[in-house]
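Student: First the structure, then my questions, so here it is.
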Amino acid sequence: MPFNPSGDVSEAILDAYFNTYKKPAKFAFVVDTSGSMGGDRETNLKSVINNLLSGQISKYANIRDREEVVVIPFNERPYDSAKFDNKHVSQLNQYVQNLRMDGGTAMFDSVASAMIELAKDKQVNGDKYRYSVIVFTDGASNQGATSNDFQQWYKEQGFEKGAIRVFAISFGDADMNQLNQLTSITGG
């Protein structure tokens with residue numbers, strides 16, 4: 001964009017790009033609600049999500065028109081997903097703020113569940129969205145599938161690397177090996 005001395009013009013162009021022209025995203029927030037995420041980690045997790053959803057991190061880092069978020073809380077297993085669009089950000093935030101921490105950590109099963117849900121959506125919507133999974137965790141999966149199990153499952157599913165990328169936001173003493181394996185295999 002050539003230099004324009006008017007901030008209003010630049011803002012209007014960016015707003016149009018993000019809300020009209022850019023391919024919308026469909027995210028899956030896979031939220032660790034295990035017992036190890038209690039206390040300060042729970043406070044930090046909920047604060048990060050609140051700041052992200054309210055635009056406090058950046059006015060450009062928020063849910064845009066035509067975008068959707070699927071939230072999948074998990075502890076020993078993934079729970080049913082809840083879906084929100086950009087018109088229901090306050091409900092999404094309230095949903096996350098009401099989550100309670102308890103139990104073990106089945107991170108790989110939960111990420112696989114999110115990927116299956118997004119892959120089904122992609123079959124219906126084709127190339128309409130950019131798909132991503134963002135896992136919020138202390139990154140110490142101790143139940144269900146292992147990292148090796150997930151890698152084998154991923155290969156068996158025939159996912160194209162980068163088609164549904166997984167990103168990780170770690171809290172506390174995360175097992176960075178597990179998170180790095182999870183994100184690198186998917187192109188995240």
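The values are calculated or read from the model by the stated rules, or taken from the named source; none is laboratory data. Model, not experiment: these values are computed from the prediction. Because the Cβ atoms are built from the backbone with ideal geometry, glycine has one as well, and the counts that use them run over all protein chains shown. Ligands, DNA and RNA are stripped out before the accessible areas are found, and what is left, the full protein with its side chains, is counted by its heavy atoms. Shrake-Rupley method; radii C 1.70, N 1.55, O 1.52, S 1.80 Å.
Student: What's the number of the only condition in (1) over 19 Å from the mean Cα position of the chain (by Cα); (2) under 30 Å from R66 (Cα atoms); (3) open to solvent by less than 50 Å² (accessible area, probe 1.4 Å) that V124 fails to meet?
Tutor: (3)
Student: Just give me the residues in the range 90-112 being touching a residue at least 60 places away in the same chain (Cβ under 8 Å) and assigned to a helix (DSSP H, G or I), in sequence order.
Tutor: Once the filter is applied, which keeps residues that are touching a residue at least 60 places away in the same chain (Cβ under 8 Å) and assigned to a helix (DSSP H, G or I), the range 90-112 yields V96, M107, F108, S110, V111.
Student: Here's a follow-up. When you scan the range 79-121, how many residues do you find that are open to solvent by 30 Å² or more (accessible area, probe 1.4 Å), of a type in the set (A, V, I, L, M, F, W, C) and more than 15 Å from the chain's Cα centre (by Cα)?
Tutor: 1
Student: Could you check, for the range 134-146, whether at least one of its residues is under 18 Å from the mean Cα position of the chain (by Cα) and surrounded by fewer than 18 Cβ atoms within 10 Å (Cβ to Cβ)?
Tutor: No.
Student: Based on what the data block shows, is K122 assigned to a helix (DSSP H, G or I), at pLDDT below 95 and in contact with a strand residue (DSSP E or B) (Cβ under 7 Å, 6 or more places away or on another chain)? Write out each step before concluding.
Tutor: Numbers: assigned to a helix (DSSP H, G or I): yes; at pLDDT below 95: yes; in contact with a strand residue (DSSP E or B) (Cβ under 7 Å, 6 or more places away or on another chain): yes.
Here the answer is yes, as K122 does meet what is asked.
Student: Within the range 147-161, take every residue that is over 15 Å from N177 (Cα atoms) and assigned to a helix (DSSP H, G or I) and give me the one that is most open to solvent (accessible area, probe 1.4 Å).
Tutor: Among those residues, the one meeting the criterion is K155.
Student: Then there's this: Which pairs do you get when a residue that is part of a loop (DSSP other than H, G, I, E, B), found in the range 23-49, comes within reach of a residue that is acidic (D, E), reach meaning Cβ atoms under 6 angstrom, with the pair 6+ apart or on two chains?
Tutor: P24/E67
Student: Within the range 162-181, restricting attention to residues that are farther than 17 Å from D32 by Cα and not in a helix (DSSP H, G or I), which residue is most open to solvent (accessible area, probe 1.4 Å)?
Tutor: My answer is R165.
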